[in-house]
Structure formats: structure tokens, C-alpha cells
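The values are calculated or read from the model by the stated rules, or taken from the named source; none is laboratory data. What you are looking at is a predicted structure, and each value in this text was computed from that prediction instead of being measured. Cβ placement follows ideal geometry from the backbone for every residue including glycine, while neighbour counts extend to all protein chains displayed. Side chains included, ligands, DNA and RNA excluded: accessible areas come from the protein's heavy atoms. Shrake-Rupley method; radii C 1.70, N 1.55, O 1.52, S 1.80 Å.
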Amino acid sequence: MGINLGDIVPDFEAETSQGDIQWHDYIDGSWAILFSHPGDFTPVCTTELGQVGKLQKEFAQRGIKLAALSCNDTDTHKAWIKDIEAYTPGSKVDYPIISDPKREIAVLYGMLDPDEMDKTGIPLTARAVFIVGPDKKLKLSILYPATTGRNFSEVLRVIDSLQLTAKYSVATPVNWQHGDKVMVTPNLSDEQAKEKFSKGFEKKEVPSGKGYIRLTPQPNA
């Protein structure tokens, strides 16, 4: 089963390293990230969860609730956390790691990687990232293969963009960072844009003569 952008993400109940979780109750009107990894006590996964632990304050400042997931059981998660925190100085894994040994959540969310198998030949979870809004709808999903570790600084950048564009009629251009200029969305006329953006906007000239590239200072910066 796959999940499309704008869908309400499936609810589930599961054990975690911090006790039982009911996913929709856990979100509870906040932004949330569910990210899966192929397996505990594996090298790339250890670096990823350590980095997330190190960036927890950054996620908290954005009102993000975090949860990791793999096909291992809860006891394995708890034992592995010590390695994660030891490998990445300054990391504290204070977020839950969900246990999905029967692959039920992985199947529900379409996380399984057909190229990565466990010792019994059953597929493991890929490196998936699901960003969920306060309305429990999927705002963004990214899927990485097992051999490629994720860039969680990029995940933070994407969250900044999602939260900004959810509130204002703007879009973020290529390589945008918090504080950079943003683009006025095409659905606004110039007159509407003048009313909406007190700091004004600049229109970039292009050979076509079409004035569709309009830049304005970030509204909440």
C-alpha cells in the first residue's frame, strides 16, 4: 500500500522503546516525522539515529514529534540505543523507536525494500521519511535505499519550507534556506500580492516577458 501526498496517514498501535504508541494520538495536532531504517545494530542506521538525536532541539523548536521504526523488537531497540549515543557525541535518543517485527506497519506505509532481506529472506524496511502535518495528512515523503544515509539537515530545511508555505502564499526556490527570499505563488495577481506582502516584491525579467518570477522577503523572518 502506498500513501499519496494529502492523504490522512494510516493509524496504528505498536510497541516502542518508550512504551506503547497510538500513532494518531501521538501526533495530537503537532507536526510529526516517521522515519524507518533497515535494521538495528547496522552501521548507517546507527549514524542516522545518532544525528537525529543530536538534532532533537532543532526539531523541538519547530514543534516536530519524532518516531523511528524498524522490523526489530523492542528489547533490541533498547540495547542498540547505547551504541547510537556512544557513536555520536552529544546525541540523546529521547524519541521512540517503533517495533514492527511482523512488518505490519511497513506494509501499511509501503516501506519495504525488495533488495534488502533479513537472514530468512524477508524484506527489510527501506530508509523512508514521512512528514505529517497537524491535520494528520502526509506533507512529504522521501525514500532512500539501504546503502544511502539520509541528510537530516535537509529534512529540517524541508520542514521550514513546509511550515512557511502552509501559512503564507509563497513557495521556496531551489536551495532555499530560512531567511532567504521566497517566491509569490502564481495564483496571486500582482494586486493581490501587493496587498498580502507589506514588504513588497520584485519581478524578475525573463526573455519570455512573462512576469511569473516574483520574489519577496520571507514573511516571518
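Selection of first residues in the stretch 131-152 that are in contact (Cβ under 8 Å) with a residue 12 or more places away in the chain and of second residues that are among the acidic types (Asp, Glu) and part of a loop (DSSP other than H, G, I, E, B), restricted to Cβ pairs under 9 Å at least 6 apart or on distinct chains, gives the following pairs, ordered by first then second residue: Pro134/Asp28; Lys136/Asp11; Lys137/Asp7; Leu138/Asp7. Among the residues making up the stretch 105-116, those that are within 26 Å of Phe59 (Cβ to Cβ) and either open to solvent by less than 10 Å² (accessible area, probe 1.4 Å) or in a helix (DSSP H, G or I) (or both) are Ile105, Ala106, Leu108, Tyr109, Met111. Candidates in the stretch 117-140 are the residues that are open to solvent by 60 Å² or more (accessible area, probe 1.4 Å), touching a Gly at 6+ places or on another chain (Cβ under 9 Å) and part of a strand (DSSP E or B); of these, the one that is nearest to His37 (Cα to Cα) is Lys139. Within the stretch 10-23, the set of residues being of a type outside the set (Gly, Ala, Ser), over 17 Å from Asp94 (Cβ atoms) and either at pLDDT below 95 or buried (at least 16 other Cβ atoms within 10 Å of the Cβ) (or both) comprises Phe12, Glu15, Trp23. Of all residues in the stretch 55-75, those being buried (at least 16 other Cβ atoms within 10 Å of the Cβ), in a helix (DSSP H, G or I) and of a type in the set (A, V, I, L, M, F, W, C) number 1. Selection of first residues in the stretch 189-208 that are in contact (Cβ under 8 Å) with a residue 12 or more places away in the chain and in a loop (DSSP other than H, G, I, E, B) and of second residues that are surrounded by 10 or more Cβ atoms within 10 Å (Cβ to Cβ) and of a type in the set (A, V, I, L, M, F, W, C), restricted to Cβ pairs under 6 Å at least 6 apart or on distinct chains, gives the following pairs, ordered by first then second residue: Phe201/Val184; Phe201/Ala193.
The lone criterion from (1) in a loop (DSSP other than H, G, I, E, B); (2) touching a residue at least 40 places away in the same chain (Cβ under 8 Å) left unmet by Val174 is number (2). Scanning the stretch 39-54 for residues that are open to solvent by 10 Å² or more (accessible area, probe 1.4 Å), of a type in the set (D, E, K, R) and either touching a residue at least 60 places away in the same chain (Cβ under 8 Å) or more than 19 Å from Leu156 (Cα to Cα) (or both) gives a single hit, Asp40. When each of Pro89, Pro101 is tested for being without any contact (Cβ under 8 Å) to a residue 40 or more places away in the chain, assigned to a loop (DSSP other than H, G, I, E, B), in contact with a Cys (Cβ under 7 Å, 6 or more places away or on another chain) and not β-branched (Val, Ile, Thr), the lone residue that passes is Pro101.
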